[in-house]
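**Q** Before we start, here is the structure in question, set down as structure tokens.
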Amino acid sequence: MKKTFQITLAALGLLAVPLARAWTYQDGDVLLIFRDGTYDVEFDLGNISQFTGKTNGYTAVVSNWSLPLVTSTFGPDLTTNGDGVEVLLVATTPSTDPNPTAWLSSSEPNTTAYSPSPSGWGVIYSAINGVGISPKIYNVPTNSVAQSYVIGTIGSGNAGKYKYASYDYIVSGGTYNGIPQLGGEAPFIVEQNIPGTLDFWSIQATGSTPLPPDTLVGTFNITANGVLTFVAGPPPSNILGITRSGGTDTVSFTTRVGGHYWLAYTNTLAAPVSSWPLVSGPYPGDGHNDSLTHATSDSSGFYRAVRSP
């Protein structure tokens with residue numbers, strides 16, 4: 001169901017007293033959010049361009065956020081054996097962008113990351129944009145860490161005074177239902193326990209049928225100690241097994257949604273892997289374990305699963 005972002009008359013009363021602004025959010029900025037159902041700790045990491053257009057394998061530690069602010073809110077143990085804090089990342093272009101795009105993290109097996117309809121994309125945009133602009137609209141108090149807010153998500157006292165500006169409240173339309181799936185509007189669960197790994201998907205609106213797969217920008221990994229690392233592009237495919245029947249090899253391998261997979265083969269390891277000839281494919285990536293065949297009379301050889309683009 002499409003949700004609309006509304007500002008209550010009671011909340012408008014908060015606009016009377018201007019306060020210092022903790023961040024300068026604008027569409028295109030990446031929001032890093034930690035949540036436990038009681039508080040949201042939100043960071044504006046800056047423009048999405050720091051994670052897009054990178055060469056596959058590019059790696060960077062994400063340091064423009066404050067782990068002490070997170071641990072002072074949730075406690076020193078952020079793992080599932082402690083407070084069970086969830087983490088996620090989201091971003092969106094302006095709704096007027098000629099190529100409207102949202103970026104969502106995902107903790108699910110990557111078999112459902114498909115582009116939404118224009119109306120479906122609009123709902124995702126409204127949720128992310130609402131999270132970005134609401135702390136300023138509701139005058140949420142600032143803290144000592146730039147580009148961040150700590151917002152209580154429930155209750156009517158001081159802890160929940162600004163809940164209308166919280167990620168939990170906005171994405172759920174105030175119902176607190178479906179939060180792990182962006183209020184039920186994302187095609188997958190967007191948050192992950194700590195420690196864990198999150199895929200990061202580029203989601204574009206489309207009217208095509210069937211819906212085309214989205215683009216996997218890269219992955220984020222966060223350790224139990226709070227080290228957040230980004231790696232660009234899809235992870236390398238793993239060869240799962242090789243069977244031979246007659247003169248034909250069947251090679252099974254892992255895939256990610258999007259792109260196409262090929263088998264590269266050589267009967268000698270002297271040549272660099274980049275020069276191995278492609279001998280079978282292409283096969284569209286669908287997130288499943290798939291296979292390709294190759295007929296050869298060689299008694300032994302070596303295979304790689306190669307993805308393009």
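**Q** When you go through 298, 286 one by one, which is the residue that is out of contact with any Gly (no Cβ under 8 Å at 6 or more places or on another chain) and under 23 Å from residue 53 (Cα atoms)?
**A** 286
**Q** Which one of these is touching a residue at least 60 places away in the same chain (Cβ under 8 Å) and either surrounded by fewer than 16 Cβ atoms within 10 Å (Cβ to Cβ) or of a type in the set (Asp, Glu) (or both): 118, 100, 76?
**A** 118
**Q** Starting from residues that are in contact with a His (Cβ under 9 Å, 6 or more places away or on another chain) and of a type in the set (A, V, I, L, M, F, W, C), keep the ones in region 241-287 and report whichever is nearest to residue 304 (Cα to Cα).
**A** Only one residue fits best here, namely 263.
**Q** Could you grab the pairs with beta carbons closer than 9 Å, sequence gap of 6+ or different chains, first residue in region 154-165 and at pLDDT below 70, second one basic (Lys, Arg)?
**A** 156/163
**Q** For region 43-159, give me every one of the strands (runs of 3 or more DSSP E) that falls completely inside it and has 1 or more residues that are over 22 Å from residue 211 (Cα atoms) and out of contact with any helix residue (DSSP H, G or I) (no Cβ under 8 Å at 6 or more places or on another chain).
**A** 59-61, 86-92
**Q** Run down 149, 162, 167 and say which single residue is more than 23 Å from the chain's Cα centre (by Cα), buried (at least 18 other Cβ atoms within 10 Å of the Cβ) and assigned by TED's automatic domain parsing to the domain that holds residue 40. Give the derivation first.
**A** Details: 149 fails: more than 23 Å from the chain's Cα centre (by Cα); 167 fails: more than 23 Å from the chain's Cα centre (by Cα).
Only one candidate qualifies: 162.
**Q** Just name the residue that is nearest to the chain's Cα centre (by Cα) out of those in region 190-201 that are more than 12 Å from residue 124 (Cβ to Cβ) and either buried (at least 19 other Cβ atoms within 10 Å of the Cβ) or outside the structural domain of residue 56 (by TED's automatic domain parsing) (or both).
**A** Restricting to residues being more than 12 Å from residue 124 (Cβ to Cβ) and either buried (at least 19 other Cβ atoms within 10 Å of the Cβ) or outside the structural domain of residue 56 (by TED's automatic domain parsing) (or both), the top hit is 200.
Quick grid of which residues meet (1) modelled with pLDDT of 95 or more; (2) within 27 Å of the chain's Cα centre (by Cα); (3) closer than 25 Å to residue 201 by Cβ:
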| position | (1), (2), (3) |
| --- | --- |
| 256 | no, yes, yes |
| 268 | no, no, no |
| 271 | no, no, no |
| 275 | no, no, no |
| 278 | yes, no, no |
| 282 | yes, yes, yes |
| 286 | no, yes, yes |
| 290 | yes, yes, yes |
| 299 | no, no, no |
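**Q** Out of 32, 67, which single residue is at pLDDT 90 or above, surrounded by 14 or more Cβ atoms within 10 Å (Cβ to Cβ) and either under 24 Å from residue 116 (Cβ atoms) or among the charged types (D, E, K, R) (or both)? Even if it seems obvious, please write down each step before you answer.
**A** On the way: 67 fails: either under 24 Å from residue 116 (Cβ atoms) or among the charged types (D, E, K, R) (or both).
Going through 32, 67 in turn, the sole match is 32.
**Q** Any residue at all in region 259-266 that's assigned to a loop (DSSP other than H, G, I, E, B), among the polar types (S, T, N, Q) and buried (at least 18 other Cβ atoms within 10 Å of the Cβ)? Spell out how you get there, then give the answer.
**A** Filtering region 259-266 for residues assigned to a loop (DSSP other than H, G, I, E, B) gives 259.
Those left that are additionally among the polar types (S, T, N, Q): none.
No, region 259-266 contains no residue that is assigned to a loop (DSSP other than H, G, I, E, B), among the polar types (S, T, N, Q) and buried (at least 18 other Cβ atoms within 10 Å of the Cβ).
**Q** To continue, here is another question. With the condition kept exactly as written, say whether any residue in region 204-217 is at pLDDT 95 or above and in the same structural domain as residue 64 (by TED's automatic domain parsing).
**A** Of all residues in region 204-217, those at pLDDT 95 or above come to 217.
Next cut, in the same structural domain as residue 64 (by TED's automatic domain parsing) only: 217.
The answer is yes; a qualifying residue exists.
**Q** Part of a strand (DSSP E or B) and out of contact with any helix residue (DSSP H, G or I) (no Cβ under 9 Å at 6 or more places or on another chain): which single residue out of 280, 274 fits that description?
**A** 280
The values are calculated or read from the model by the stated rules, or taken from the named source; none is laboratory data. Owing to the predicted nature of the structure, the values given are computational and were not obtained by experimental measurement. All Cβ positions, glycine included, derive from the backbone under ideal geometry; neighbour counts span all protein chains shown.
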